[in-house]
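J.: Sending over a structure as C-alpha cells; questions will come in a sec.
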Amino acid sequence: MTGSTDIKLSVRGLEKSYDRTPILERVELDVESGSFCTIVGASGCGKSTFLRMLLSQELPTRGEILLDGHALPDEPTPDRGIVFQKYSVFSHLTVAENLILASEFERAPLAGRLFGMKRRQAREEIDDLLERIGLSAAADRYPAQLSGGMQQRLAIAQALAKKPSILLLDEPFGALDPGIRVDMHELLLGLWNELGMTIFMVTHDIHEAFKLGTRLLVFDKIRHDPQAPEAYGATITYDLPLSSPSTELQQGPEQIAEAIGLPGQSDTPIQIETKTP
Amino acid sequence: MRIINRKPSRLTALALGLLPFVATIVGYAIASHYRRLDNPADKLLPSLESMGQAFWRMAAIPDRRSGDLLLWVDTFDSLWRLGTGMAVSTLLALTFGIAIGFIPHVRSALAPYLATFSLIPPITILPILFITFGLGELAKIALIVIGTAPVMIRSTAQAVLDIPREMIIKAETLGASVWQMTVRLVIPQVLPKLITALRMGLVPAWIFLISAEAIASTTGLGYRIFLVRRYLAMDVILPYVVWITLLAFLLDRALLLISRRSFRWHHLGGDAL
C-alpha cells in the first residue's frame, strides 16, 4: 500500500483507551483515494470507535490520523460525511427540508434558513437527487413516516450534500431487511462510482463487507492475557485487498468469520464482484 | 375475554368518562339537600341554584361599590399575572435551557446552581418579594417566575441533552455553525418539549398565583376566594374553584392543540396524555 502517491488517509500508531482500558492499539493504515474500505470485527472490538475517530467525534489517546497529509481537525467538519444506523436525519424536517439544509447553512449564515425565491431555487436543485434516491413522492413527508430503507437513502443523500471526500458509514444497513439491503448496496456503489469519494463502512455482515469493499479491514485482538482479558486492545488483524482480480483471495468470508468468531451465515447470497473505483 | 383486552366503544368511553363527574354533582346535590333540610340557612353546602345565582351575580351584575363585573375583572387580572409570569419563565427556559444543555462550559457553570436554586420552596421567598418589590403586580409575577422557571429550565436543558448526538454531529458535518445548529436543530427539537414543560409548569403556577393573590392583592380569583371566605360564602367559592379549574383545563388543552398543530412531526409516533 505504501509508496502510492495518492494516499487519502494515514493512521499512525493509533491508540484509544477508555479509563486506561485499551480499546484499540498500534493501528497503522494507509488508504488510497477512492478506496471502499469495509471494516468488520467482533462486537466490542473498537471498529465503531475507529470510525468515530475518523469523524473526530472522538479523539485518539495516542497516535495521529492524517487526512491528505494534514492532521484531522478536532471536531467533525464537512470534509467527512457520516451515515449512522439511526437518528441520521432530522426528525423535525421533511425529506426535502433535510436535503436543502446543507445549502441553507451555506447561504444563510445568520438565519440558517432560506426564504421565498432562494428557497424555491434550493428546492429545485434537489429534484434530481430526490428522483435518484426514489423519494420524489415522499418529499414532504417526515422521516417518521418513511420506511427504514427510505430513511437510510435519505441519510446517504444528505451526507453527500457537502461533497465530502470521505464518507463514513456506521452499520448503515444493520436494521434493514435483506432485500432492501441489496437495493441500498446498488445505490451506494452507484454513488461511489460517480463521485469517487473514499468510503469507510463498518458492518457486522461479513458478506456485505466482501461484496461492497475494495479493501477489507478486520479488527481483532491479537494479544490475549487470560488473567486480564481487558489488558490489550484490538488492532487491524487482516487487511485484504478485494478489488484487483489479480489478487487471489486466500481467505473467503467464512474463513474470516471463523477467525474472528463472527457468524459466517448471511441472509444475502455471496456476490463478489469486480469493482472499479 | 380478559378485562385487559376489552376496549370500550367511543360512546361507552364517553359515558364512562362523564360518570365520575355526574356522580360528584349528584352526590353533592344529595348531601346539600339533606343539610338544608336540617337548617335552611346552611352555608357549607349551598344548593346548586344558589351557587348558580351567586356566579351570575359575580359575572353579570356590576359590583355595588366599584361598578365592575367582578368575575371578569378577577379572571382578567389573574390570567394577566399568570400569562406574564409563564411567558417570562418560558423565555428563561428557552435561553438558559438551551445554553445549559448545548454548551458544556455553561452547563458546568450553571447546572449545580440551578439544581440548588430549584429546591428553594418558592413560597418562602414570597415575603422577600413583597419586601423588595412591594405589594404590586411585580411581586406576584416574580413568585410565579421563581416557582416555575428553574424546573422549566432544567427540563429544557434535559431536552437538549436528549437530542440524539448523531443529529448534532450530522449538522456539524453539514457545515452548521453553533448558532445555525441552535436555530435549525436545537430550538425546533426542543419546542414541543418546552410546551410540555409549560403545561407541567402551569400546575404550580396556579398555586403560586392564588397564594400571592390571597396574601396581598385587591383583585384576582385567589383574592376573591379568600375575601369571601370571611363570610363563609361557599356559594361564591365553589363556583370560583370550578371556574379556575375550567380555565386551567382549557389552557392545558389549548397548549396541547398548539403543539399538535405546530409540531406534527413530534406527535407522529403515538402520543401520551
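Computed from the coordinates by the stated procedures, all read-outs in this text should not be read as laboratory data. Please read all numbers here as calculations on a predicted model, not as lab measurements. We place every Cβ from the backbone using ideal geometry, glycine too, and count neighbours over all the protein chains shown.
J.: Excluding residues on the same chain fewer than 8 positions from B:Lys43, give the lysines whose Cα lies under 26 Å from its Cα.
T.: Within the straight-line cut-off, B:Lys43 pairs with nothing.
J.: For the stretch A:102-108, in order, what is each residue's ³J(HN,Hα) by Karplus, 6.51 cos²θ - 1.76 cosθ + 1.60 with θ = phi - 60°, in whole Hz (x at glycine and Pro)?
T.: Calculated HN-Hα couplings, in order: 4, 6, 5, 4, 6, 8, 10 Hz.
J.: Related question: Out of the DSSP beta bridges found with both residues in the protein assembly as shown, what percent are antiparallel (nearest 5)?
T.: 55 percent
J.: Right, another one. Taking trypsin sites (Lys or Arg not before Pro) as exposed when DSSP calls them loop (any state but H, G, I, E, B) and at most 10 other Cβ atoms lie within 10 Å, what is the longest stretch of chain B free of them, the sites themselves excluded?
T.: So the longest stretch without any such site is B:66-273.
J.: Still on this structure, please answer the following. Using modelled amide H (1.01 Å from N, peptide plane; none on Pro or chain starts), what sits under 5 Å from the amide H of A:Phe219, excluding residues fewer than 5 places away?
T.: A:Val40, A:Gly41, A:Thr237
J.: Per residue, how big is the convex hull around the C-alpha atoms of the stretch A:27-76? Give it to me in cubic angstrom, could you?
T.: Expressed per residue, the convex hull around the Cα atoms of the stretch A:27-76 is 95 Å³.
J.: Quick one: longest stretch of chain A between exposed loop GluC sites (Glu not before Pro), exposed meaning at most 12 other C-beta atoms within 10 Å and loop per DSSP?
T.: After excluding every exposed loop site, the longest remaining stretch is A:1-229.
J.: If you take the Cα Rg of the stretch A:91-163 and divide it by 2.2 N^0.38 Å, with N the number of residues, what do you get?
T.: Output field value: 1.04.
J.: Among the DSSP beta bridges whose two residues both lie in chain A, what percent are antiparallel, rounded to the nearest 5?
T.: 55 percent
J.: For the pairs A:Lys118/A:Lys163; A:Lys86/A:Lys118; A:Lys16/A:Lys163; A:Lys16/A:Lys221; A:Lys162/B:Lys193; A:Lys211/B:Lys170, flag any whose C-alpha to C-alpha distance is greater than 24 Å.
T.: Where the Cα-Cα span goes over 24 Å, the pairs concerned are A:Lys86/A:Lys118; A:Lys16/A:Lys163; A:Lys162/B:Lys193; A:Lys211/B:Lys170.
J.: Which one, B:Gly220, B:Gly101, B:Gly17, has the greatest fluctuation when you compute a Gaussian network model over chain B with C-alpha springs under 10 angstrom?
T.: B:Gly17
J.: In sequence order, what are the phi-derived ³J(HN,Hα) couplings for the stretch A:82-94 according to the Karplus relation 6.51 cos²θ - 1.76 cosθ + 1.60 with θ = phi - 60°, rounded to whole Hz, with x for glycine and proline?
T.: Computed from phi, the couplings for the stretch A:82-94 are 9, 10, 8, 5, 8, 6, 6, 9, 8, 5, 8, 10, 6 Hz.
J.: Averaged over A:135-148, how many beta carbons belonging to a partner chain fall within 10 Å of each residue's beta carbon?
T.: What the average comes to for A:135-148 is 1.
J.: How large is the convex hull of the Cα atoms of the protein assembly as shown per residue, expressed in Å³ as a whole number?
T.: Expressed per residue, the convex hull around the Cα atoms of the protein assembly as shown is 252 Å³.
J.: Further question on the same structure: Starting from the Cα of B:Arg36, step 7 Å toward the Cβ, then list every residue of the stretch B:239-260 with an amide N under 12 Å from that point.
T.: none
J.: Now a separate question. Using a Förster radius of 25 Å, what is the FRET efficiency between B:Leu79 and B:Met200 based on their Cβ-Cβ separation? Nearest 0.05, please.
T.: 0.85
J.: Can you list the residues, at least 5 places off or on another chain, whose amide H is less than 5 Å from the amide H of A:Leu72, using H built in the peptide plane?
T.: HN-HN under 5 Å from A:Leu72: A:Ile65, A:Leu67.
J.: Just tell me which aspartates and glutamates come within less than 16 Å, Cα to Cα, of A:Lys8; anything on the same chain fewer than 8 places away is out.
T.: Cα-Cα hits under 16 Å: A:Glu28, A:Asp30, A:Glu32, A:Glu64, A:Asp68, A:Asp79.
J.: Please give the contour-minus-distance gain from B:Phe21 to B:Asn5: 0.36 nm per residue of separation, less the Cα-Cα distance, rounded to one decimal in nm.
T.: 3.2 nm
J.: Using a 7 Å offset from the Cα along the Cα-to-Cβ direction at both A:Lys163 and B:Leu161, what is the distance between the two label points in nm, to one decimal?
T.: 4.1 nm
J.: I would also like to ask the following. Report, ordered by chain and residue number, the aspartates and glutamates lying within cross-link reach of B:Lys7, taken as a straight Cα distance under 19 Å and ignoring same-chain residues fewer than 8 apart.
T.: Within the straight-line limit of under 19 Å, B:Lys7 reaches these aspartates and glutamates: B:Asp271.
J.: Quick check: the distance between the Cα centres of the stretch B:22-55 and the stretch B:68-123, to the nearest angstrom?
T.: So the separation of the two Cα centres works out to 40 Å.
J.: Using each residue's phi in the stretch B:194-203, evaluate 6.51 cos²θ - 1.76 cosθ + 1.60 at θ = phi - 60° and report the 3J(HN,Hα) Karplus result to the nearest Hz, with x for Gly and Pro.
T.: Running phi through 6.51 cos²θ - 1.76 cosθ + 1.60 with θ = phi - 60° gives 5, 5, 4, 4, 5, 4, 5, x, 5, 4 Hz.
J.: I would also like to ask the following. Which distance in Å, rounded to a whole number, links the C-alpha centroids of the stretch B:156-175 and the stretch A:66-127?
T.: 14 Å
J.: Length gain on complete extension for the stretch A:Asp74 to A:Ser136, per 0.36 nm per residue less the alpha carbon to alpha carbon distance?
T.: Contour length minus the Cα-Cα distance gives 18.6 nm.
J.: Moving on. Starting from the Kirkwood radius over alpha-carbon pairs of the stretch A:156-200, derive D by Stokes-Einstein at 25 °C in a medium of 0.890 mPa s and give it in µm² s⁻¹.
T.: Approximately 221 µm²/s, per Stokes-Einstein.
J.: Same structure again: After finding the eigenvalues of the alpha carbon gyration tensor for chain A, what semi-axes result from the square roots of 5 times each, listed largest first in whole Å?
T.: Over the Cα atoms of chain A, the ellipsoid semi-axes are 33, 22, 18 Å.
J.: If you don't mind, there's one more thing I want to ask. If r is the Cβ-Cβ distance from B:Thr218 to B:Leu119 and R0 is 35 Å, what FRET efficiency results, to the nearest 0.05?
T.: The pair B:Thr218/B:Leu119 has a calculated efficiency of 0.60.
J.: Sticking with this structure for a sec: Taking the Cβ-Cβ separation of B:Asp63 and B:Phe249 as r and a Förster radius of 35 Å, what is the calculated FRET efficiency to the nearest 0.05?
T.: Computed FRET efficiency for B:Asp63 and B:Phe249: 0.85.
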